[in-house]
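For reference, the structure is listed below as structure tokens.
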Amino acid sequence: MSGVVLNKIVKKYGALQVVHGIDLKIDPKEFVVLVGPSGCGKSTTLRMIAGLESITAGTLAVDDRVMNKVAPKDRDVAMVFQNYALYPHLNVADNIAFGLKIRKVPKAEIRQSVQEVAEILGLTDYLARRPSDLSGGQRQRVAMGRAIVRHPKVFLFDEPLSNLDAKLRTQMRAEIKRLHKRLGVTSIYVTHDQVEAMTLADRIVVMNEGRIEQIGTPMELFNNPANRFVAGFIGSPPMNQLHGFLEADDAGPVAQIGRLKVRLPKSEVLENQNGKPVVLGIRPEHVTVDEVPGSFPIRINLDLVETLGSEALLHTDLDGMTFVARVETLGEISHLSGVDTLHVKPDLLKLFDAETGRSLSVDARTGT
Amino acid sequence: MTIQEDSSSRNSDVLAAFETEDQPASGGRLEAAIDHLRREWQLYLMLLPMVIWFIVFLYKPMYGLQIAFKDYSIFRGIAGSPWVGLEHFETLFANDQFLRAIKNTVTISALNLLFGFPAPIILALMFNEVLHASYKRTAQTIVYLPHFISSVIIAGIVITAFSPTAGIVNTIMGWFGLDPVYFLTQPEWFRPIFIGTGIWQEAGFGSIVFLAAIAGVNPSLYESAVVDGANRWQMMWKITIPSILPTILIMLIIRIGNIMEVSFELVILLYQPATYETADVVNTWIYRQGLQSGQYDLAAAAGLFNAVVAFILVMTANTLSRRFSRTSLW
Amino acid sequence: MNWNLYSRGDKFFAIVVSILIGMFTVATLYPFIYIAALSFSSGFAAQAGKVVLTPIDATLEAYGYILKDPQFWVSYRNTFIYTIGGTVMSLAFIIPGAYALSRPQLKGRRFFNLFIAFTMWFNAGLIPFFLNMRDLNLLDSMFGIILAFAVNAFNVILLRNFFEAIPKSFEEAARMDGANDFQVLWKVFVPLSKPAIATITLFCIVSRWNGFFWAMVLLQSEDKIPLQVFLRHTISNLSDDDEFAIVQTAAGFSAETVTAAIIVCSIIPVLIVYPFIQKYFEKGILLGGVKE
């Protein structure tokens, strides 16, 4: 099996275990994003792949070669650091060439490689400058150039965009994506930002407290979160999670959420589970102000309208629970102020077990 | 320099620090140690010369301190000389000159604390009030300078300036009809001259620490004081001094910890037999007994006594300053 | 603070303080001016106590006397050897050592740090140090002087703290690029630590240039003594030697003017370097919190 394979990887610091046996297979040329809240073990995992942290247990293989004891420099991986770690005393060309010089690559070859990389990244005019004379985006590019120039098997990115302002971040995000398309190198990217994860990834690995919560394509995670954690993490604003319990009537299972009854699709999982505490997940995007075919109404008290432009966020109260809707404005928000009823599409609802947090939706289970 | 620090890289430092205690999940300790050395041998190689230096030049003499309890003779060497127990210490504490040296050491340090310690603080506070930037800069440049001049030159200047025939001090006294005084041969003049010289040499340089502390005071404190109608004098007492008080305290504690350390090099250069009465400190006494008269064992005993007292003082001072610095700005 | 916003009282206060500062500055500077004036004065004028601010009966006789003394040049040369050799030696020990101490992966790091720091708190003292130098056969040895005072704990800790403050990713990036520890130190940490290394270099240079006591104790041969020891010999010999006073004053210089001339000669290099030093030492003394 080529690509990067993590087999039951564990990391302990003394008695403190921060990564609890991770299994992950990354195919060649794939762009995988590790995402999760801070302290979830995603950076540690990346650093274990890089060789910057020792692996307490489990095996790491790159292209079928076990890497556990291999020094970072011999793993044929390159890393882009959060703070870029550009050497302030070297100019851009020397920064990019640093790794090649250390490896005693012939000078002519170094010059050519640096030129190529500079062209790819649009840095040709800046080669003689020091990092301190560059903008944030340019520094970011130099950091990538330093990784690219070595033609590694794997790129590792450790929150590379978190030091940039929002606008530049969006721009660099697209650039990283384009670069990956062009070079086709296996990439592992760590971020805490779910938007970055969604936009960049072929597959996303959602991590929490040293464990993998779910692995899937961005749309799989969005449509079929495996549990409440993923549901709350992916999507902005996060999925509304309404507490209630299961009921059943003649027509089938029903979720009783406060005074609201929501009809659920028939499924074996929900049979004979009356009274079971559940959480109903409704994405803010799946709610409309106007009635649409097949939707059911819910009565809410409007608390606050946040205008985003083409859309608006309605912060509302549903039987004492917070409920957020993301609705289109059509360039006008005056009609939103009096809203007291919202409409939900039933086929996009998610149901979770309130105790385990796991998804009870049929397609979610088949999806993973 | 553009080192960007961020919380996550600091986090990884903490984690990496933990890592030194990382126990391998499999394999023995020895195996892990060998593995560690194979990876990191270069670090130990870098450390080695320095560690050897410390052993040869600072720790080996500590082994030699045992002659304080021996009847040392050059021919028998440190290990071969017979033990005599506390004999040297008994001799020491029966020796008037040694006791006088202790008294002088403490007295000179105490006087230095009284006059020498406030000087840089006052200087720093005054510098803070000088508005004209280049005037201030020039003055600072000049007052820092004597710190970089060797004690031999300092002593040479002092000896020349206080010379009874040609010295400027006696010349000026002559203008007022005063008789010339041979200052450096008179015991009562040694301490004022010594401490005055110390202030001249170190007050300016010493003010740097306090100026830095003053620079660290939040400017908005002064701005709000201006709005409240305070004048500069009030601001100095109500804002500047309270703000740098932790620094003052720490520096004071450090000074007290070093009470056994009189800059004996300058004493050697300035004193003479006529002024031993007030000038002879422990280290100059050790120098004469040991290095000039060859009574190595007795002098080593005096040195050990001095070192132990100094060690206790310094450790106490360290503990205290750590307690203060936890609440202070640095 | 803005002068225009000062009240009349504040202005008065600022002016008084500026004058006091000026007085202290002049008082600091005056002894140097006095010595310089003395060095250019005639022996008679000096003996008569006429020199106050400017040279009286200006003459270069005192300098002539000094510069003709071959021992002056020998010890001047020696001081340069001690200063350059000693500083290079110091850096050769301290830079790699401090780097190793700053790395978290070094086992026994706490022990080694304590091992170094302990020497700041406890010192065996003059006698055991001297006997140790004798046992090592380093008495009256120029190499002995250069080696035995190469390292001190303060400089090690200062540099170690600076290295520790460099974000770990610099080391990690270099490592992934294939650098070993020596390369990480030499190609990354040393260039990144220029301010700290400059500070330590300055501390070394100043202490070597001014070093006196141990050179006096350990060196016997005249061809090995540094300038400071020569200066000391000259000052004490001149002031003790009554015959010199009588004979030489007639020649246009005196013990005082000769002393002053040597002082001027040995201060000049310090004054030349001083402007370069000044840039660093204010920071150096506060190191630990260096941010640039």
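The values are calculated or read from the model by the stated rules, or taken from the named source; none is laboratory data. A quick note: this is a predicted structure, and the numbers were derived from the prediction, not measured. Here the Cβ positions follow ideal geometry from the backbone for every residue, glycine too, while neighbour counts run over all protein chains shown.
Values for this structure:
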{"read-out": "Scope the range C:178-195; condition of a type in the set (A, V, I, L, M) and facing chain B (nearest Cβ under 8 Å); matching residues", "value": "C:185, C:192"}
{"read-out": "Check on residue B:153, more than 19 Å from the chain's Cα centre (by Cα), facing chain C (nearest Cβ under 7 Å), at pLDDT 90 or above and crowded, with 22+ Cβ neighbours inside 10 Å", "value": "yes"}
{"read-out": "Matching residues in the range B:60-76 - criterion: being hydrophobic (A, V, I, L, M, F, W, C) and either within 12 Å of chain C (Cβ to nearest Cβ) or part of a helix (DSSP H, G or I) (or both)", "value": "B:62, B:65, B:67, B:68, B:69, B:74"}
{"read-out": "Filter pass, residue B:177 being small (Gly, Ala, Ser), over 16 Å from residue C:29 (Cβ atoms), out of contact with any Leu (no Cβ under 6 Å at 6 or more places or on another chain) and surrounded by fewer than 16 Cβ atoms within 10 Å (Cβ to Cβ)", "value": "yes"}
{"read-out": "Cβ pairs under 8 Å, 6+ apart, first in the range A:194-206 and without any contact (Cβ under 8 Å) to a residue 60 or more places away in the chain, second surrounded by 22 or more Cβ atoms within 10 Å (Cβ to Cβ) and of a type in the set (Val, Ile, Thr)", "value": "A:198/A:204; A:198/A:234"}
{"read-out": "Any helices (runs of 4 or more DSSP H) falling wholly within the range B:239-308 and containing at least 1 residues that are free of Cβ contacts under 8 Å to residues at least 24 places away in the same chain and more than 19 Å from residue B:107 (Cβ to Cβ)", "value": "B:241-257"}
{"read-out": "Residue list for the range C:208-222, restricted to those being within 11 Å of another protein chain (Cβ to nearest Cβ), surrounded by fewer than 20 Cβ atoms within 10 Å (Cβ to Cβ) and not hydrophobic (A, V, I, L, M, F, W, C)", "value": "none"}
{"read-out": "Among the candidates A:67, A:79, residue that is in contact with a strand residue (DSSP E or B) (Cβ under 6 Å, 6 or more places away or on another chain), more than 10 Å from chain C (Cβ to nearest Cβ), within 22 Å of residue A:28 (Cβ to Cβ) and not basic (Lys, Arg)", "value": "A:67"}
{"read-out": "Residue in the range A:198-219 that is of a type in the set (Gly, Ala, Ser), crowded, with 17+ Cβ neighbours inside 10 Å, in a strand (DSSP E or B) and in contact with a Leu (Cβ under 8 Å, 6 or more places away or on another chain) present", "value": "no"}
{"read-out": "Residue match in the range C:127-136 (condition: aromatic (Phe, Trp, Tyr), under 30 Å from residue A:156 (Cβ atoms) and facing another protein chain (nearest Cβ under 7 Å))", "value": "no"}
{"read-out": "Counted residues, the range C:37-52 - those being at the interface with chain B (Cβ under 9 Å from one of its Cβ atoms), of a type in the set (Gly, Ala, Ser) and part of a loop (DSSP other than H, G, I, E, B)", "value": "2"}
{"read-out": "Residue among B:147, B:132 that is at pLDDT below 90 and at the interface with chain C (Cβ under 10 Å from one of its Cβ atoms)", "value": "B:132"}
{"read-out": "Selection within the range A:209-237 - without any contact (Cβ under 8 Å) to a residue 24 or more places away in the chain and either under 16 Å from residue A:348 (Cα atoms) or among the polar types (S, T, N, Q) (or both)", "value": "A:217, A:219, A:221, A:232"}
{"read-out": "Where a residue in the range B:203-215 is within 9 Å of chain C (Cβ to nearest Cβ) and its partner, wherever it lies, is among the acidic types (Asp, Glu), with Cβ under 6 Å and at least six apart", "value": "B:208/C:282"}
{"read-out": "Test set (1) within 30 Å of residue C:267 (Cβ to Cβ); (2) within 12 Å of chain B (Cβ to nearest Cβ); (3) surrounded by fewer than 22 Cβ atoms within 10 Å (Cβ to Cβ); (4) in contact (Cβ under 8 Å) with a residue 24 or more places away in the chain - residue C:56 fails condition number", "value": "(4)"}
{"read-out": "Close pairs (6 angstrom Cβ cut-off, 6 or more residues apart or separate chains): within 14 Å of residue A:138 (Cβ to Cβ) in the range A:112-125, among the β-branched types (Val, Ile, Thr) and surrounded by fewer than 15 Cβ atoms within 10 Å (Cβ to Cβ) anywhere", "value": "A:118/A:124"}
{"read-out": "Residue match in the range A:264-274 (condition: closer than 25 Å to residue A:230 by Cβ, buried (at least 17 other Cβ atoms within 10 Å of the Cβ), outside the structural domain of residue A:227 (by TED's automatic domain parsing) and among the aliphatic types (A, V, I, L, M))", "value": "yes"}
{"read-out": "Residues located in the range A:1-42, provided they are more than 19 Å from residue A:155 (Cα to Cα) and part of a loop (DSSP other than H, G, I, E, B)", "value": "A:14, A:15, A:36, A:37, A:38, A:39, A:40"}
{"read-out": "Total residues in the range C:135-163, condition modelled with pLDDT under 95, in a helix (DSSP H, G or I) and either over 30 Å from residue C:209 (Cβ atoms) or within 27 Å of the chain's Cα centre (by Cα) (or both)", "value": "11"}
{"read-out": "Set C:225, C:200, C:235, C:205: member being away from chain B (no Cβ under 13 Å) and either aliphatic (A, V, I, L, M) or buried (at least 22 other Cβ atoms within 10 Å of the Cβ) (or both)", "value": "C:200"}
{"read-out": "Matching residues in the range B:184-198 - criterion: being over 18 Å from residue C:27 (Cβ atoms) and of a type outside the set (Val, Ile, Thr)", "value": "B:184, B:186, B:187, B:188, B:189, B:190, B:191"}
{"read-out": "Failed item, numbered, when residue C:78 is tested on (1) over 30 Å from residue B:258 (Cβ atoms); (2) within 8 Å of chain B (Cβ to nearest Cβ); (3) within 28 Å of the chain's Cα centre (by Cα)", "value": "(2)"}
{"read-out": "Criterion (touching a residue at least 24 places away in the same chain (Cβ under 8 Å) and surrounded by 18 or more Cβ atoms within 10 Å (Cβ to Cβ)) met by exactly one of A:57, A:50", "value": "A:50"}
{"read-out": "Selection status of residue B:177, free of Cβ contacts under 8 Å to residues at least 12 places away in the same chain, farther than 24 Å from residue B:284 by Cβ, more than 10 Å from chain C (Cβ to nearest Cβ) and assigned to a loop (DSSP other than H, G, I, E, B)", "value": "yes"}
{"read-out": "Criterion (farther than 30 Å from residue B:273 by Cα and part of a loop (DSSP other than H, G, I, E, B)) met by exactly one of B:212, B:230, B:225", "value": "B:230"}
{"read-out": "Residue match in the range B:181-198 (condition: outside any loop (DSSP other than H, G, I, E, B), closer than 18 Å to residue C:23 by Cα and in contact with a helix residue (DSSP H, G or I) (Cβ under 6 Å, 6 or more places away or on another chain))", "value": "yes"}
{"read-out": "Residue ranges of strands (runs of 3 or more DSSP E) in the range A:228-332 with at least 2 members of a type in the set (S, T, N, Q)", "value": "A:240-249, A:301-307"}
